[in-house]
Amino acid sequence: MNFPALKNQMQELFLAIQQAADSGELPALNEVASFLQATEKMTINAQEAWHSEAEDFLHLTRQLHMVVKKRNVQEAVLLLDALRDAQEFCHRSFKSES
């Protein structure tokens, strides 16, 4: 796994998803699906030290995918906030790992 490339892909997708939600729009399902795939790859290849956090992040990403499929903007915004918080916690806690 090319960790830096995967991390960059995830950041770009998350930014696009977040921008849509910030505009009051439903994020594009294809972008959320791509983000889910990248998150699954990250979780599969996560180091043991942060595997639990990766699993939690994956769970939130799967929930986001479901609510976007159901076209629920409000739930998507709430899940994006939770994902951002989880991302910040993980990056702060495991900065030396990345």
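Given contacts defined as C-alpha pairs under 8 Å and at least six residues apart, what's the relative contact order of the range 23-98, whole-number percent?
Rounded, it is 34 percent for the range 23-98.
Pick out, in residue order, every one of the GluC sites (Glu not before Pro) in the chain that is DSSP loop and has at most 15 other C-beta atoms within 10 Å; say none if there are none.
Hits after loop and neighbour filter: Glu25.
Of the accessible area of the chain, with the probe set at 1.4 angstrom, what percent is carbon plus sulfur?
The C+S portion of the solvent-accessible surface of the chain is 49 percent.
Restricting to DSSP H runs of at least four residues, report the calculated mean residue ellipticity at 222 nm for the chain, -39500 (n - 2.57) per run over all residues, nearest 500 deg cm²/dmol.
Result for the chain: -26500 deg cm²/dmol, rounded to the nearest 500.
Averaged per residue, what accessible area in Å² does the chain show with a 1.4 Å probe, protein chains only?
61 Å²
Hey, got the dipole for the chain? About the Cα centre, +1 on K and R Cβ, -1 on D and E Cβ, debye to the nearest 20?
My answer is approximately 200 debye.
Hey, rough spin-label estimate for Asp56 and Leu15, points 7 angstrom out along Cα→Cβ, what's it come to in nanometres?
Result: 2.6 nm between the two label points.
Taking 1 over the mean of 1/r across every pair of different Cα atoms in the chain, what Kirkwood radius in Å do you get?
13.4 Å
The values are calculated or read from the model by the stated rules, or taken from the named source; none is laboratory data. Keep in mind that what you see is a predicted model, and the values were worked out from it rather than measured. Methodologically, a virtual Cβ is constructed for each residue, glycine included, from the backbone with ideal geometry; neighbour enumeration extends over all protein chains shown. These area figures cover heavy atoms from the full protein model, side chains too; ligands, DNA and RNA do not enter into them. Shrake-Rupley method; radii C 1.70, N 1.55, O 1.52, S 1.80 Å.
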